[in-house]
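**Student:** So that we are looking at the same thing, I have put the structure below in structure tokens.
The values are calculated or read from the model by the stated rules, or taken from the named source; none is laboratory data. As the structure is a computational prediction, the values presented were derived from the model and not from experiment. All Cβ positions, glycine included, derive from the backbone under ideal geometry; neighbour counts span all protein chains shown.
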Amino acid sequence: MDRIRIQGGRALNGTIPISGAKNATLPLMIASLLTEETLNLDNVPRLADVTLLQHILSNHGVDIMVSGKRAGENEHTGQSMHLSAKNIVDTTAPYHLVSKMRASFWVIGPLVARMGEAKVSMPGGCAIGTRPVDFHLDVLRALGAEIEIEAGYVLAKAKRGLKGARITFPKVSVGATHTALMAASLAAGESVIENAAREPEVSDVAECLRKMGATIEGIGTSTLRVQGAKRLKSARHTVLPDRIETGTYAMAAAMAGGDVTLAGARPELLQEALDVLQKAGVTVAVTNEGIRIARNGVSLAPVTVSTQPFPGFPTDLQAQLMALMSRAKGTSKITETIFENRFMHVSELARLGAKIQLDGDTASIEGVERLKGAPVMATDLRASVSLVIAGLAAEGETMVHRVYHLDRGFERLEEKLARCGAAIERVAG
């Protein structure tokens, strides 16, 4: 199993190209099931989760062609993917595939909307909380589908098609908003989605659905109105830049010190996180190329943050910020309000010398003078990259185990950091 070796203490200087957003790419790929025509996606990142979803969609009969597969091709624009679901040959998403990535459960909405039926295994994915699928099933019931749960599978049927409805979420859910948008796009009549997620990735999917022929109003707000179409058509769409990757490298540069430009990054996608970095004493500047992050000799100031749905501070940057605050001058507080089990990285950061106390959903981080390298174990995607960030500033060698988590969400992470001066490498086996 591959590992990442880091020799800490080197500043980062240079340019890091930001890849397409994983959290938009996956639902965009799934949206191909809604049409018989080809969906063309550009700026698709080269990630393990993208490859896995290709296998899942192929199982349904989607023909997929990819250009720019190699890392050296289209470095700043990612892959181009052409997905054709002209003939859906199977409406079952089996356990052995869905259990590997919970986002694959989202195929249920498009399959029911277009084919009138779906049999989808209950999902798996990162162990950072229960994240039940109840909201997804409530969406489909509201649109007229009959739902049964049998032997670990969800059976959904709508033989006469879905019908528009009013859907009000009791709690903001990105995944369920994706399901509602995609299913409503082929439902007869108008659907109103209230308390919808406002995340940029949701808006990106909505914009793509609009290009495919769906009529959607209120994109970027908490109320979406969808006028269903009888059929959707071919479209071409460019995946927006990954705001979580942007924030991660911004915190890496702040941790290691130096001056880094995040090429292609869009500040409006993570303004709250950038504001937090500025409060911590990091220089943040918007340029024609992207976002410049710099810290040269200035101590980090502590911050107090609560994770919130967009436009608040993203839960997907919580672990990275915690690593950064382990070197601040003073005590920081981070409250996790989205997932109930997302502090698994705390014990591993402690192995590097971080001082962190947990009290329910709040972590208190007392900044230390120095971190020291040690072997650490990644527990999930965001936790693993927080260990890399800590390792960049730790004295001596840090070895991060279980880096397959990193490959799920970060494209060529060690290469991007090494090009800016980090002493980081992948160790095979």
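A quick yes/no check of all residues on (1) over 25 Å from Val260 (Cα atoms); (2) in contact (Cβ under 8 Å) with a residue 40 or more places away in the chain:
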{"position": "Gly9", "(1), (2)": "no, yes"}
{"position": "Pro17", "(1), (2)": "no, yes"}
{"position": "Ser32", "(1), (2)": "yes, yes"}
{"position": "Leu41", "(1), (2)": "yes, yes"}
{"position": "Arg46", "(1), (2)": "no, yes"}
{"position": "Leu53", "(1), (2)": "yes, yes"}
{"position": "Val62", "(1), (2)": "yes, no"}
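**Student:** While we're here: If you scan segment 294-313, which residues turn out to be in a strand (DSSP E or B) and under 21 Å from Gly330 (Cβ atoms)? First the steps, then the outcome.
**Tutor:** Let us first name the residues in segment 294-313 that are in a strand (DSSP E or B), namely 294-295, 304-307, 313.
Across segment 294-313, the qualifying residues are Arg295, Thr304, Val305, Ser306, Thr307, Phe313.
**Student:** Do we have any residue at all in segment 392-402 that's part of a helix (DSSP H, G or I), more than 21 Å from the chain's Cα centre (by Cα), under 29 Å from Gln308 (Cα atoms) and in contact (Cβ under 8 Å) with a residue 24 or more places away in the chain? Before you say what the answer is, go through the steps one by one.
**Tutor:** Initially, segment 392-402 is screened for residues part of a helix (DSSP H, G or I), giving 392-393.
Within this subset, residues satisfying the condition of being more than 21 Å from the chain's Cα centre (by Cα) are 392-393.
From the residues that got through so far, the ones that are under 29 Å from Gln308 (Cα atoms) too are 392-393.
The next check asks that each one be in contact (Cβ under 8 Å) with a residue 24 or more places away in the chain; those that pass are 392-393.
Looking through segment 392-402, at least one residue is part of a helix (DSSP H, G or I), more than 21 Å from the chain's Cα centre (by Cα), under 29 Å from Gln308 (Cα atoms) and in contact (Cβ under 8 Å) with a residue 24 or more places away in the chain.
**Student:** Being of a type in the set (A, V, I, L, M), under 28 Å from Ala196 (Cα atoms) and either in the same structural domain as Ala196 (by TED's automatic domain parsing) or touching a Leu at 6+ places or on another chain (Cβ under 8 Å) (or both), is that true of even one residue in segment 333-343? Quick ask: steps written out before the conclusion?
**Tutor:** Going through segment 333-343, the residues of a type in the set (A, V, I, L, M) turn out to be 334, 338.
From what's left, under 28 Å from Ala196 (Cα atoms): 334, 338.
Keeping just the survivors that are either in the same structural domain as Ala196 (by TED's automatic domain parsing) or touching a Leu at 6+ places or on another chain (Cβ under 8 Å) (or both) gives 334.
Yes, that holds for at least one residue.
**Student:** Considering only residues of segment 132-156 that are at pLDDT 95 or above and either touching a Cys at 6+ places or on another chain (Cβ under 9 Å) or surrounded by fewer than 16 Cβ atoms within 10 Å (Cβ to Cβ) (or both), which is nearest to Val192 (Cα to Cα)?
**Tutor:** The residue in question is Arg141.
**Student:** Another question, then. Residue under question is Arg408, and the condition is that it be within 18 Å of the chain's Cα centre (by Cα), more than 23 Å from Val174 (Cα to Cα) and of a type in the set (D, E, K, R); does it hold? Before the answer, list the steps.
**Tutor:** Numbers: within 18 Å of the chain's Cα centre (by Cα): yes; more than 23 Å from Val174 (Cα to Cα): no; of a type in the set (D, E, K, R): yes.
Answer is no for this residue.
**Student:** Can you spot a residue in segment 339-362 that is in contact with a Phe, Trp or Tyr (Cβ under 8 Å, 6 or more places away or on another chain), buried (at least 19 other Cβ atoms within 10 Å of the Cβ), in contact (Cβ under 8 Å) with a residue 24 or more places away in the chain and not in a loop (DSSP other than H, G, I, E, B)? I'd like the intermediate steps shown before the answer.
**Tutor:** Of segment 339-362, the ones in contact with a Phe, Trp or Tyr (Cβ under 8 Å, 6 or more places away or on another chain) are 358.
From what is left, the residues that are buried (at least 19 other Cβ atoms within 10 Å of the Cβ) are none.
There is no residue in segment 339-362 that is in contact with a Phe, Trp or Tyr (Cβ under 8 Å, 6 or more places away or on another chain), buried (at least 19 other Cβ atoms within 10 Å of the Cβ), in contact (Cβ under 8 Å) with a residue 24 or more places away in the chain and not in a loop (DSSP other than H, G, I, E, B).
Let's see how each residue does on (1) closer than 30 Å to Ala423 by Cα; (2) in a helix (DSSP H, G or I):
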| site | (1), (2) |
| --- | --- |
| Arg225 | no, no |
| Gly247 | yes, yes |
| Ala252 | yes, yes |
| Thr261 | yes, no |
